[in-house]
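We did not get these values from a lab; they are worked out from the coordinates using the rules stated. Everything quoted here is computed from the prediction, not taken from an experiment. Here the Cβ positions follow ideal geometry from the backbone for every residue, glycine too, while neighbour counts run over all protein chains shown.
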Amino acid sequence: MSYKVAIATSDGKHVNQHFGKATQFAIYQVENKRFNLLEIRENNPSCGDNGHQENAIYDSINLLLDCKIVLISMIGVGPDQILFDKGILSYETSDSINDALEYVSSNIEGKYF
């Protein structure tokens with residue numbers, strides 16, 4: 001099985017950004033427990049000093065529609081539910097990207113898709 005995972009990361013090594021504050025998502029292809037970085041997608045954060053910008057939340061979600069999973073350090077209930085409704089699972093973690101991808105491929109993949 002092959003699928004894409006979006007990772008909110010600022011350093012390319014750790015899952016370390018809140019969904020609403022993510023400036024970029026690293027997109028990985030996962031296939032047979034192998035991980036390949038495909039691209040970095042720039043994102044306009046939806047959460048700022050004045051709270052959430054509703055349109056920007058949808059822009060962030062639309063950026064990830066081809067992914068099955070989003071790995072983030074934190075996500076609010078609203079964006080989490082919207083992702084779920086679009087068929088995208090979110091998983092909060094503060095692991096390294098490699099450890100988080102290994103967890104996903106071993107524990108989530110067969111249970112949810």
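Which whole-number value in Å³ per residue fits the convex hull of the alpha carbons of segment 56-113? Show your work: numbers first, answer last.
Values: hull volume 4.9 nm³, N = 58.
Roughly 85 Å³ of hull volume per residue.
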(message) Only counting other Cβ atoms within 10 Å, I'd like S96, S105 sorted with the fewest neighbours first.
(response) S96, S105
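Going by how many other Cβ atoms sit within 10 Å of their own, how do R41, R34 line up, fewest first?
On the way: R41 15, R34 11.
Ranking R41, R34 by Cβ neighbours within 10 Å, fewest first, gives R34, R41.
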(request) Measure of size requested: the Rg and Dmax of the chain, with Cα atoms as the atom set and Å as the unit; please supply both. (result) 12.9, 43
(request) Taking a cut-off of 20 Å between Cα atoms, list the lysines near K86, but don't count ones fewer than 8 places away on the same chain. (result) K4, K68, K111
(message) Order these by the 10 Å Cβ neighbour count, fewest first: V77, V30.
(response) V77, V30
(request) May I ask you to evaluate 6.51 cos²θ - 1.76 cosθ + 1.60, the Karplus curve with θ = phi - 60°, for each residue of segment 63-73 and list the ³J(HN,Hα) values in order in whole Hz, giving x for glycine and proline? (result) 5, 10, 4, 8, 9, 8, 9, 10, 9, 9, 6
(message) Using helices alone, I'd like the mean residue ellipticity at 222 nm for the chain: each DSSP H run of four-plus residues gives -39500 (n - 2.57), total over residue count, nearest 500.
(response) -7000 deg cm²/dmol
